[in-house]
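Down below is the structure, laid out as structure tokens.
The values are calculated or read from the model by the stated rules, or taken from the named source; none is laboratory data. Please read these numbers as outputs of a predicted model, since none were measured by experiment. A quick note on method: Cβ atoms are made from the backbone with ideal geometry, for glycine too, and the neighbour counts reach across all protein chains shown. We work out accessible area using only protein heavy atoms, side chains counted, and drop any ligands, DNA or RNA first. Shrake-Rupley method; radii C 1.70, N 1.55, O 1.52, S 1.80 Å.
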Amino acid sequence: MVEDCLFCKIVHGEIPSEFLYEDEECVVFRDINPHAPVHLLIVPKRHIRSINDLEHGDASLVGRMFLVAKKMAEAENINKSGYKVLFNVEKGGGQVIFHLHLHLIGGWDRK
Ligand code: 5GP
Ligand code: ZN
């Protein structure tokens, strides 16, 4: 847990948030400022700053994040219509919260 990290606070319940999904390694919650009808964040419980800080041993965590994204796309009924999954990396890549998270964005033409 990193003291001044917003997502560490959310993950550890210091800022109350509704988790749509939780397992041993990650949680999912809705983005506070959604860019689409469905905008979820898949967030590892362990603090990792960005993709740049991933190590070899994190391969299964990252794989899990994509499988959770797939599961949440089904749960939100956007899997058939389609969606985007996105990591912003560091300031130039649009990252503003420096705790790794995968965006799941879609639902424009949810059927
Ligand atoms: P980034 O630009 O770092 O990839 O994305 C950070 C995302 O976190 C943004 O889409 C922003 O709207 C979202 N966000 C920022 N603060 C909060 C918060 O307190 N709660 C939630 N649920 N989302 C947040
Ligand atoms: Zn953190």
Result for the chain, cysteines with no Cys Cβ partner under 4.7 Å, is Cys26
Simple spin-label estimate for Leu54/Lys84, 7 Å along Cα→Cβ, in nm, reads 1.9 nm
Averaged over all viewing directions, the convex hull of the alpha carbons in the chain casts a projected area in nm² of 6.9 nm²
Between the Cα axis of helix 59-75 and the main Cα principal axis of the chain, the angle (0 to 90°, nearest 10) is 30 degrees
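Run the accessible area of the chain with a 1.4 Å probe and give the carbon-and-sulfur part as a rounded percent.
53 percent
In debye, nearest 20, what is the charge dipole magnitude of the chain about its Cα centre with +1 on Lys and Arg Cβ and -1 on Asp and Glu Cβ, if you could check?
Working: 13 positive and 16 negative charges, 101 e Å.
About 480 debye.
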The number of Lys pairs in the chain whose alpha carbons lie under 27 Å apart, excluding pairs fewer than 8 residues apart on one chain, is 18
